[in-house]
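Here's the structure, in structure tokens; my notes come after.
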Amino acid sequence: MDLVFLGSIIELGVLALCFGAFLGFAAKKFHVEVDPRVEQIDEILPGANCGACGFPGCAGFAQAVVDGDAPVNGCIPGGDSVTEAIASILGKSAEVSTPMIAALKCRGGKERAHDAFVYEGVENCISAALIMDGPKACPNACIGLGSCIEACAFDAISMDDNDLPVIDREKCTGCGACVVICPKDVLEMMPADSDVWIACNNVYSGKLVKSVCETGCIGCRLCVRECPKDAITFENNLAHIDYEKCTNCQICVVVCPTGTIHTKRTGEILNDAPKIRAAIEKKKAREKEKREKLKAQNPNVK
Amino acid sequence: MANTFPGGVHPPESKSYSENRPIEILDAPETVIIPLSQHIGAPASPIVEKGDRVLMGQKIGEAKGFVSAPVHSSVAGTVKKIDFHIHPVTGRYEPHIFIQNDFTDERAAELDIFGENWEEIDPKKIVEIAREAGLAGLGGAAFPTHVKLSPPPGKKIDTVLLNGAECEPFLTADHRLMLEFPNDIIRGLILIGKALSAEHLGICIEENKPDAIRILSERAENTGIEIYPLKVKYPQGAEKQMIFAVTGREVPSGGLPFDCGCYVQNVGTAKALFDAISRGKPLYERIVTVSGPILKNPSNLLVRIGTSYEALIEKAGGATEDIGKLISGGPMMGLAQSTDSVVVTKGTSGILLFGLDDALSRPELPCINCAKCVDVCPVNLMPTRIADCGEYNKIDMAQRLGALDCIECGSCAFICPSDRRLLQNIRFAKSEIQRKIAEEREKKSN
């Protein structure tokens, strides 16, 4: 064998030995105690570094949860399974929370809600909203330039043909990054097991809404009246659903004259409609009966 | 050599449309729609109700908090309703008071009238009247005057400058005001000087208004007021640039003019202050330039606050061709409007109409690193770098590059040979920085 070749092998070998010895010494000398639980927790976290917990990435959250600075159920995208795993590692009990997902409180895409002016600037909702509050004539409508799509770490939002973001209910983990980024506050968190939501964000009178959008909440309060569980309240010119009471019966979806109330069961809803109408009739009859009964008891009261 | 600042651009002046047109009075409309928010700060809260009869100059909205200003009725008549109407500054639907004019022009007497004794007024009373008269900067930003007149204790103001630069193209409202009311402006300046006990008073005018410089120099003789001709350049009328041009002092980053002992106020505000003190007249009318290449008779109009843009454009003869853009304010910093039903507020300095050809936006090309934007930036920033930070969401870096010092004059976007959306990206970066700062503050307080 060539002597030069052998020489370099020996040289490098000696160097490697020296460095190895030094590194080994340094590792012992400057050893930092890491709580093994931090690593365990970091491994079970989703690893998307979405920041929904308020800490810098998943590793930051793992450290914080071990230190007791973060709640055990702090990882929203991880959901209950991760919460339970963290709780078992830390030997704590975890409260099971309802999983949430994002919902778009607007149906005013380019076909249903017109623009007030032509916007030709930077393609980003926040920039657009800085110019006269955005190009949409409706002051609360979704601008539709997709800042939420960029913000979503889980690829759960896409844009439909009508320039409205669509949230994939399977992929959405409820981290809330899109809710934070939206300059129009047109995204909202709702329980993942609920089907219906009010797809409108306006705070103005019905007349104004009607002039800017075909499908905005005009404040007729039909849904409030027809809801069998009294789960819908009306305040500040907009209906609100109380998800504690809502049973996903879809009656509100059918009665809404402007199609403001949205449901994930778009295909099924048509099949359900006769059933729902029957339910409404039944409720009306029941109320009428009640009124007549009352009338019979107190003839003086109108 | 006239005073100036480093940087700046030279957009076509286009003042000839309206600079020789004397101020005309526009008759009050049948209904005035008065916004409750016409100034920087908290909107006023209404103190009248539907059906109330109000007089001209009567207070109809009370200031809410210190940084706020009251609003006054600009006509005598009946309150029709308080409802949402589109606002020319925010673009949102904001509460406005609708007043049906009964054309009696009956004046309310709410302010003390000092008449010829205006010079004997107590300095504290000046600030009080500025507040009660609802004065706000008439140059465009509409910052409440009484707030500006009350610098924090310990800050000594020695120089008061009146801003008659009017560096925005097309606008001539301040120019006409200086020609037609020079005495009122000078008296207003003396009053401001008195309120702040400042020794040095000056009026700054761009050199393209020699007639205004001449007339004010004549009237200011023996008053100790100095007239500073400034080089014709945009943004010469920005207060920090004007202070530097005249005094050589620099307002520190993040600071306000009082941090370097200066105070800048628009000439129109000085006249309004004199009107309030000497004639007891609150701020319910202002001068608006209605101009633009497609307007039939560009004019300078004295209009009541709450008159719709439509009425002003009609008075100026209307458009001769299809409207491509309607701008409230000057073409550089003004705000394009989506409708002419918006109304004149305290900050409306001009209404400009452009045809479809002028409204075309050119395609954005790649940056060629020519550094023209860096040369013209009046605040010595690097617009192209900050805009890139905005575009690629490098918010911390934008902050380090001084994005918050940007005065949003638009010189960089004007000069850019590649038509890059520099200002828009910088504004995005600024809004993100401010959001970040607010978030951090919230975190700290928790």
The listed residue being of a type in the set (Phe, Trp, Tyr) and loosely packed, with under 15 Cβ neighbours inside 10 Å, out of A:61, A:22: A:22
- prompt: Which residues, taken from the range A:95-112, are in contact with a helix residue (DSSP H, G or I) (Cβ under 6 Å, 6 or more places away or on another chain) and in contact (Cβ under 8 Å) with a residue 40 or more places away in the chain?
  reply: A:99, A:102
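Does the range A:183-218 hold any residues that are of a type in the set (Phe, Trp, Tyr) and assigned to a strand (DSSP E or B), and which are they?
Across the range A:183-218, the qualifying residue is only A:197.
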- prompt: Do we find that residue B:99 is part of a strand (DSSP E or B) and either within 14 Å of chain A (Cβ to nearest Cβ) or over 16 Å from residue B:268 (Cβ atoms) (or both) in this structure?
  reply: yes
- request: Could you please give the count of residues in the range A:129-158 that are part of a helix (DSSP H, G or I), at the interface with chain B (Cβ under 8 Å from one of its Cβ atoms) and among the β-branched types (Val, Ile, Thr)?
  value: 0
message: Any residue in the range B:77-89 that is over 13 Å from residue B:48 (Cβ atoms) and of a type in the set (Phe, Trp, Tyr) sitting within a Cβ distance under 6 Å of a residue that is modelled with pLDDT under 95 and not in a strand (DSSP E or B)? List the pairs, counting only those 6 or more apart or interchain.
response: B:84/A:204
query: Where residues in the range A:210-226 are aliphatic (A, V, I, L, M) and more than 14 Å from chain B (Cβ to nearest Cβ), which of them is surrounded by the most Cβ atoms within 10 Å (Cβ to Cβ)?
result: A:218
query: Looking at this structure, is residue B:339 away from every other protein chain (no Cβ under 14 Å) and either touching a Leu at 6+ places or on another chain (Cβ under 6 Å) or hydroxyl-bearing (Ser, Thr, Tyr) (or both)?
result: no
task: Of the numbered conditions (1) of a type outside the set (Gly, Ala, Ser); (2) buried (at least 21 other Cβ atoms within 10 Å of the Cβ); (3) within 14 Å of another protein chain (Cβ to nearest Cβ); (4) under 25 Å from residue B:337 (Cα atoms), residue A:53 fails exactly one; give the number of that condition.
output: (4)
- line: Flagged in the range B:14-53 as among the small types (Gly, Ala, Ser) and under 20 Å from the mean Cα position of the chain (by Cα), in numbering order, are B:14, B:18, B:37, B:41, B:42, B:44
Flag if residue B:130 is within 28 Å of residue B:174 (Cα to Cα), of a type outside the set (Phe, Trp, Tyr) and in a loop (DSSP other than H, G, I, E, B): no
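Does residue A:36 qualify as being closer than 30 Å to residue B:425 by Cβ, surrounded by fewer than 16 Cβ atoms within 10 Å (Cβ to Cβ) and out of contact with any helix residue (DSSP H, G or I) (no Cβ under 9 Å at 6 or more places or on another chain)?
no
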- request: Give me a count of the residues in the range B:54-96 that are under 21 Å from the mean Cα position of the chain (by Cα), more than 14 Å from chain A (Cβ to nearest Cβ) and among the β-branched types (Val, Ile, Thr).
  value: 2
field: When residues of the range B:180-206 are limited to those that are out of contact with any Pro (no Cβ under 8 Å at 6 or more places or on another chain) and β-branched (Val, Ile, Thr), the one surrounded by the most Cβ atoms within 10 Å (Cβ to Cβ)
entry: B:185
field: Single unsatisfied condition, residue B:280 versus (1) at positive phi; (2) crowded, with 18+ Cβ neighbours inside 10 Å; (3) touching a Pro at 6+ places or on another chain (Cβ under 9 Å)
entry: (3)
message: Can you say whether residue A:199 is within 19 Å of residue B:435 (Cβ to Cβ) and at pLDDT 90 or above, as far as the supplied structure shows?
response: no
- prompt: Quick check: is even one residue across the range B:386-409 under 21 Å from the mean Cα position of the chain (by Cα), surrounded by fewer than 20 Cβ atoms within 10 Å (Cβ to Cβ) and not in a helix (DSSP H, G or I)?
  reply: yes
statement: Scanning the range A:110-128 residue by residue, those at the interface with chain B (Cβ under 7 Å from one of its Cβ atoms), of a type outside the set (S, T, N, Q) and crowded, with 17+ Cβ neighbours inside 10 Å turn out to be A:116, A:117, A:121, A:122, A:126
- request: Please determine, by comparing only the residues of the range B:342-357 that are within 14 Å of chain A (Cβ to nearest Cβ) and surrounded by 14 or more Cβ atoms within 10 Å (Cβ to Cβ), which one is farthest from residue B:291 (Cα to Cα).
  value: B:342
Scan of the range B:415-446 for residues that are among the charged types (D, E, K, R), at the interface with chain A (Cβ under 10 Å from one of its Cβ atoms), surrounded by 12 or more Cβ atoms within 10 Å (Cβ to Cβ) and assigned to a helix (DSSP H, G or I), ordered by number: B:427, B:430, B:432, B:435
task: State all residues of the range B:299-349 that are closer than 29 Å to residue B:423 by Cβ and among the basic types (Lys, Arg); if no residue qualifies, say none.
output: B:325, B:346
message: Return the residues of the range A:72-124 that are within 30 Å of residue B:419 (Cβ to Cβ) and polar (S, T, N, Q); say none if nothing qualifies.
response: A:124
query: If you go through the range A:193-209, how many residues are within 15 Å of the chain's Cα centre (by Cα) and surrounded by fewer than 16 Cβ atoms within 10 Å (Cβ to Cβ)?
result: 1
- request: Working only within the range B:393-414, note down all residues that are closer than 17 Å to residue A:121 by Cα and either within 11 Å of chain A (Cβ to nearest Cβ) or in contact with an Asp or Glu (Cβ under 9 Å, 6 or more places away or on another chain) (or both).
  value: B:393, B:408, B:413
query: So which residues in the range B:106-136 are charged (D, E, K, R) and either crowded, with 18+ Cβ neighbours inside 10 Å or farther than 24 Å from residue B:269 by Cβ (or both)?
result: B:106, B:131, B:132
- prompt: Residues of the range B:310-336 being hydroxyl-bearing (Ser, Thr, Tyr) and more than 14 Å from chain A (Cβ to nearest Cβ), which ones?
  reply: B:320
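The values are calculated or read from the model by the stated rules, or taken from the named source; none is laboratory data. Since this is a predicted model, take the numbers as computed values, not measurements. Here Cβ is always computed from backbone atoms with ideal geometry, including for glycine, and neighbour counts include all displayed protein chains.
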